[in-house]
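K.L.:
The structure under discussion is supplied below as structure tokens; questions concerning it will follow.
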Amino acid sequence: MRNGHFITDYHCHSTVSPDGHNTMREMAEAAVRLGVDDLCFTDHIEPLPWDRWNEPPREKHSYDWAPMLAQFREAQEAVGDRIKLHMGTELGECSFAPDVADSFLDDAPPLDFTIGSVHCYRTASGEVNDLTWITSTDPAVWYAACESYFEEMEKLIDWGRFQVLGHITLPLRWAKELRGVELDFDRYEEQLRHVMRRAIEKGLGIECNTNRGHLPLPDGKWLKMYHELGGELITLGSDAHTPEYISCAMEERQELLKDCGLRYLATYDRKKPIFHKI
Ligand SMILES: [Zn+2]
Ligand SMILES: [Zn+2]
């Protein structure tokens with residue numbers, strides 16, 4: 001407990017991820033120090049080769065789960081029962097090669113939780129492009145990317161082998177943090193409503209990514225919409241890639257969820273949601 005709040009963090013990365021910096025043990029020990037009650041590791045697994053998105057997809061059944069299991073065991077031994085640890089993953093770009101993603105999941109050890117995320121989109125010429133690769137400061141370029149981003153999210157929902165949709169307003173983050181471009185997502189109100197409605201129908205949740213204390217993804221307007229559409233499955237995740245951001249701004253974001261009408265925060269155990277009153 002921290003400041004009267006049950007603290008969960010359902011989005012963080014260790015060195016099992018290509019862009020992680022600390023082991024699960026280091027992340028878990030930091031989480032204990034920070035008063036986190038329930039931490040879920042969500043390292044990146046991608047059916048496309050990391051950062052070489054236009055190369056052919058990875059071979060089916062080629063994901064090696066052993067490092068994740070080994071690190072998780074080590075972290076668990078280090079922290080004992082001082083914190084609840086869960087093993088999950090952030091599945092990225094699965095809409096681009098769902099058959100490969102299926103094969104990875106078919107080989108998976110028992111997972112508690114999976115996030116389905118889109119970080120890439122298709123350009124007009126059909127290339128797979130990472131949102132972080134956009135160097136333009138022209139909003140029109142970003143909006144064109146967003147159109148494709150939403151199409152990939154629709155395909156991801158069709159595929160559906162995950163528990164929550166990750167950071168559904170991600171382009172806002174990269175446009176602002178990398179290029180200083182303020183996008184207006186009000187123009188995507190219909191797309192966001194459609195995405196949320198379909199997720200709810202399929203029994204999928206969403207996350208509120210606290211984005212290391214910066215702009216929540218999604219923020220209040222869309223969280224309210226999620227609630228009004230009847231959505232009740234929501235996790236909070238920091239997206240920490242280093243220990244200092246673990247559980248960042250969780251009390252404030254719990255208050256935000258409450259202000260938007262949401263009553264429960266979800267954690268997951270073997271892919272089954274557990275609801276915590278906020
Ligand atoms: Zn992500
Ligand atoms: Zn992440």
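The values are calculated or read from the model by the stated rules, or taken from the named source; none is laboratory data. For clarity, every value in this text was computed on a predicted model and none was experimentally measured. Virtual Cβ from ideal backbone geometry, glycine too; neighbours counted across all protein chains shown.
K.L.:
Against the condition hydrophobic (A, V, I, L, M, F, W, C), at pLDDT 95 or above, touching a helix residue (DSSP H, G or I) at 6+ places or on another chain (Cβ under 8 Å) and within 15 Å of Ser14 (Cβ to Cβ), how does Ala66 come out, does it pass?
P.N.:
No, not satisfied.
K.L.:
If Val100 satisfies all but one of (1) of a type in the set (Val, Ile, Thr); (2) part of a strand (DSSP E or B); (3) away from ligand 2 (no atom under 16 Å from the Cβ), what's the number of the condition it fails?
P.N.:
The one condition Val100 does not meet is (2).
K.L.:
Also, quick follow-up: Against the condition at pLDDT 95 or above, within 16 Å of ligand 2 (Cβ to nearest atom) and surrounded by 13 or more Cβ atoms within 10 Å (Cβ to Cβ), how does Ile246 come out, does it pass?
P.N.:
The answer is yes for Ile246.
Okay, residues lined up against (1) assigned to a strand (DSSP E or B); (2) farther than 23 Å from Ile45 by Cβ; (3) within 16 Å of ligand 2 (Cβ to nearest atom):
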site	(1), (2), (3)
Pro110	no, no, no
Thr114	yes, no, yes
Tyr121	yes, no, no
Thr132	no, no, yes
Ser136	no, yes, no
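K.L.:
Check the stretch 212-234 and report whether any residue there is within 13 Å of ligand 1 (Cβ to nearest atom), farther than 15 Å from Ser117 by Cβ and either buried (at least 17 other Cβ atoms within 10 Å of the Cβ) or not aliphatic (A, V, I, L, M) (or both).
P.N.:
For the stretch 212-234, residues within 13 Å of ligand 1 (Cβ to nearest atom), farther than 15 Å from Ser117 by Cβ and either buried (at least 17 other Cβ atoms within 10 Å of the Cβ) or not aliphatic (A, V, I, L, M) (or both): present.
K.L.:
With respect to Gly237, determine if the residue is closer than 29 Å to Glu190 by Cα and within 16 Å of ligand 1 (Cβ to nearest atom).
P.N.:
Yes; evaluated as a whole, the condition is true for this residue.
Yes or no, residue by residue, for (1) in contact (Cβ under 8 Å) with a residue 12 or more places away in the chain; (2) crowded, with 19+ Cβ neighbours inside 10 Å; (3) more than 16 Å from ligand 1 (Cβ to nearest atom); (4) of a type outside the set (D, E, K, R):
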residue: Met1; (1), (2), (3), (4): yes, no, yes, yes
residue: His13; (1), (2), (3), (4): yes, yes, no, yes
residue: Val16; (1), (2), (3), (4): yes, yes, no, yes
residue: Val36; (1), (2), (3), (4): yes, yes, yes, yes
residue: Asp51; (1), (2), (3), (4): yes, no, no, no
residue: Arg58; (1), (2), (3), (4): yes, yes, yes, no
residue: Met87; (1), (2), (3), (4): yes, yes, yes, yes
residue: Val100; (1), (2), (3), (4): yes, yes, yes, yes
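K.L.:
Out of Glu177, Glu189, Glu207, I need the residue that is assigned to a helix (DSSP H, G or I), under 22 Å from Ser17 (Cα atoms) and out of contact with any helix residue (DSSP H, G or I) (no Cβ under 7 Å at 6 or more places or on another chain). Which one?
P.N.:
When all the criteria are applied, what remains is Glu177.
K.L.:
Of all residues in the stretch 39-49, which are surrounded by 21 or more Cβ atoms within 10 Å (Cβ to Cβ) and either of a type in the set (Asp, Glu) or more than 17 Å from Thr235 (Cβ to Cβ) (or both)?
P.N.:
Asp43, Ile45, Glu46, Pro47, Leu48
K.L.:
Okay, moving on. Every residue in the stretch 2-16 that is part of a loop (DSSP other than H, G, I, E, B) and within 15 Å of Glu255 (Cα to Cα), please.
P.N.:
Selection gives Asn3, Gly4, Phe6, Ile7.
K.L.:
What number of residues within the stretch 25-34 are in contact (Cβ under 8 Å) with a residue 60 or more places away in the chain, buried (at least 21 other Cβ atoms within 10 Å of the Cβ) and closer than 15 Å to Arg73 by Cα?
P.N.:
The qualifying residues number 1.
Quick grid of which residues meet (1) within 16 Å of ligand 1 (Cβ to nearest atom); (2) hydroxyl-bearing (Ser, Thr, Tyr); (3) surrounded by 17 or more Cβ atoms within 10 Å (Cβ to Cβ); (4) at pLDDT below 95:
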{"residue": "Glu93", "(1), (2), (3), (4)": "yes, no, yes, no"}
{"residue": "Ser103", "(1), (2), (3), (4)": "no, yes, yes, no"}
{"residue": "Ser117", "(1), (2), (3), (4)": "yes, yes, yes, no"}
{"residue": "Val128", "(1), (2), (3), (4)": "yes, no, yes, no"}
{"residue": "Trp133", "(1), (2), (3), (4)": "yes, no, no, no"}
{"residue": "Val141", "(1), (2), (3), (4)": "no, no, no, no"}
{"residue": "Lys155", "(1), (2), (3), (4)": "no, no, no, no"}
{"residue": "Leu172", "(1), (2), (3), (4)": "yes, no, yes, no"}
{"residue": "Val181", "(1), (2), (3), (4)": "no, no, yes, no"}
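K.L.:
Looking at the stretch 17-71, which of its residues are more than 19 Å from Gly92 (Cα to Cα), within 19 Å of the chain's Cα centre (by Cα) and assigned to a helix (DSSP H, G or I)?
P.N.:
Met24, Met27, Ala28, Ala31
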